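Student: Quick one: this structure, given as C-alpha cells, is what I'll be asking you about.
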Amino acid sequence: MSAIYPSLKDRAVFITGGASGIGAALVEAFHGQGARVGFIDRDADAGAALAGRLGRVWFQPCDVTDAGALTGAIAAAAQAIGPIRVLINNVANDSRHVAAETDAAAWRAHLAVNLDPTFLASTAVQPGMKAAGGGVILNLSSINALLGPAGMPAYVAAKGAVNALTKGLAREWGPDNIRVNAISPGWVVTERQLALWLTPEAEAAWMEQVALKRRIEPADIADLALFLASDQARAITGQNHVIDGGRT
Ligand SMILES: NC(=O)c1ccc[n+]([C@@H]2O[C@H](COP(=O)([O-])OP(=O)(O)OC[C@H]3O[C@@H](n4cnc5c(N)ncnc54)[C@H](O)[C@@H]3O)[C@@H](O)[C@H]2O)c1
C-alpha cells in the first residue's frame, strides 16, 4: 500500500518502457494516485494489456531508438493527457556484452536505448514544464554505474552518463522549477531478471552482499518515484537516489 500524494492527482505523467518490469509498476503506482498516465513501449501486446487492465491510461507502441517516434509519442500523449508535468525515463536494455566484441555499431545501439532517449525525452517535455511553472524528471539509472561490473561496459557507461546528465539538467532547469533526479536500483526482481539471470545461486550471492535480506520488488522503486515526483520532494534535485538494500 503506497502513501497518497495529493499533488499527484490529475498530474500528467509520461513513462518510457512502461509495459513490464519496473516501468509497469510505475504506471500502476501513478495510476493509483489518480494521475493522468501515458506510457510507451515497443512491446505493443504487453502495453495494451496493461492499459486495458488498468483503464484510464494512455498507451502507444513506440521504439525509443527512433528519435522522431519518441518525440512524436510525447506530443501525442500531451494532446491526450495534458502537458507532461512528470517524465520518467525508465526504458533501458541491459543485454550483456564484452568490450572486445562491441564494435562501433553495437556501442551506438546500446547508447541509443540506454542514454539517448533520456536526453531527447527530457528536452521534448521541458518547454511544457517551464510554461506550467515546473515539473519533475526522474531518470532510471543503476548501481552498476557505481560498481562497474564486467560484461556490460556500454550499459555501465550509459548509466554513468545518465547520472551526470541528471546533474547538468537539474542545474540548467532549476530556475524554472524543473527538478531532475536519478534513481539507482540494486537488483530488482522483474520478469526479465527472473527469466535471464536471477538464479537461486546468484540471488544467494546477492543476499550475502546486502544489508537488508529481502528482495527488491518493482513496487519498492515505484514508492520512491512517487515521493520524488510529489511536491513533498520540492527541495530535492540533481541527486542520485540509491535504492539497493544496502549493497553499495
Ligand atoms: N531490474 C533491475 O534489477 C534494475 C537494476 C538497476 C537499474 N534498472 C533500471 O530500471 C529501469 C527499468 O528496468 P527493468 O528491469 O524494469 O527493465 P525491463 O527490461 O524489465 O523492462 C524494460 C521495458 O522497456 C521496453 N523496451 C526495451 N527496449 C525498448 C525500446 N527500444 N523502445 C521501447 N521500449 C523498449 C521493454 O519492452 C520493457 O517493457 C531501466 O532503466 C534499468 O536499467 C533495473
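Student: Could you check the range 134-248 for helices (runs of 4 or more DSSP H) lying wholly inside it with 3 or more residues that are closer than 18 Å to VAL13 by Cα, touching a residue at least 40 places away in the same chain (Cβ under 8 Å) and within 20 Å of the chain's Cα centre (by Cα)?
Tutor: 218-229
Student: Could I ask something else about it? Quick test for you: out of ALA49, ALA35, ALA3, pick the one residue that is of a type in the set (Gly, Ala, Ser) and either touching a strand residue (DSSP E or B) at 6+ places or on another chain (Cβ under 6 Å) or within 19 Å of MET129 (Cβ to Cβ) (or both).
Tutor: Result of the check over ALA49, ALA35, ALA3: ALA35.
Student: Then there is this: Among the residues of the range 33-53, what is the count of those that are under 21 Å from VAL125 (Cα atoms), more than 9 Å from the ligand (Cβ to nearest atom) and aliphatic (A, V, I, L, M)?
Tutor: So the answer is 2.
Student: Filter the range 189-248 for residues that are aromatic (Phe, Trp, Tyr) and modelled with pLDDT of 95 or more and give the result.
Tutor: Answer for the range 189-248, where residues must be aromatic (Phe, Trp, Tyr) and modelled with pLDDT of 95 or more: TRP206, PHE227.
Student: Continuing with the same structure: Report, by residue number, each residue of the range 186-207 that is surrounded by fewer than 11 Cβ atoms within 10 Å (Cβ to Cβ) and of a type outside the set (A, V, I, L, M, F, W, C).
Tutor: Those that are surrounded by fewer than 11 Cβ atoms within 10 Å (Cβ to Cβ) and of a type outside the set (A, V, I, L, M, F, W, C): THR199, PRO200, GLU201.
Student: Among all residue pairs at least 6 apart or on different chains, which show Cβ distances below 6 Å where the first residue, located in the range 26-43, is free of Cβ contacts under 8 Å to residues at least 24 places away in the same chain and within 15 Å of LEU226 (Cβ to Cβ) and the second is more than 9 Å from the ligand (Cβ to nearest atom) and among the hydrophobic types (A, V, I, L, M, F, W, C)?
Tutor: Sorted first by the residue in the range 26-43, then by its partner, the list stays empty.
Student: If ALA104 satisfies all but one of (1) in contact (Cβ under 8 Å) with a residue 12 or more places away in the chain; (2) over 19 Å from the mean Cα position of the chain (by Cα), what's the number of the condition it fails?
Tutor: All conditions pass for ALA104, except number (1).
Student: Given the condition within 12 Å of the ligand (Cβ to nearest atom), among the β-branched types (Val, Ile, Thr) and modelled with pLDDT of 95 or more, answer yes or no: does some residue in the range 120-127 qualify?
Tutor: No: zero hits.
Student: State which residue is farthest from the ligand (Cβ to nearest atom) when the search covers only the range 54-92 and only residues that are farther than 29 Å from GLY34 by Cα and assigned to a loop (DSSP other than H, G, I, E, B).
Tutor: Narrowing the range 54-92 to residues farther than 29 Å from GLY34 by Cα: 65-68.
Cutting the leftovers down to assigned to a loop (DSSP other than H, G, I, E, B) gives us 65-66.
Working: THR65: 5, ASP66: 8 Å.
Once the filter is applied, the top-ranked residue is ASP66.
Student: Here's another thing I want to ask about it. State all residues of the range 180-197 that are more than 19 Å from LEU147 (Cα to Cα) and in contact with a helix residue (DSSP H, G or I) (Cβ under 7 Å, 6 or more places away or on another chain); if no residue qualifies, say none.
Tutor: Once the filter is applied, which keeps residues that are more than 19 Å from LEU147 (Cα to Cα) and in contact with a helix residue (DSSP H, G or I) (Cβ under 7 Å, 6 or more places away or on another chain), the range 180-197 yields VAL180, ASN181, THR190, GLU191, ARG192.
Student: Does ALA12 satisfy the criteria of being in contact (Cβ under 8 Å) with a residue 40 or more places away in the chain, touching a Gly at 6+ places or on another chain (Cβ under 6 Å) and more than 16 Å from the ligand (Cβ to nearest atom)?
Tutor: Yes: the conditions hold for ALA12.
The values are calculated or read from the model by the stated rules, or taken from the named source; none is laboratory data. Just so we're clear, the structure is a prediction, and the values are computed from it rather than from any experiment. Virtual Cβ from ideal backbone geometry, glycine too; neighbours counted across all protein chains shown.
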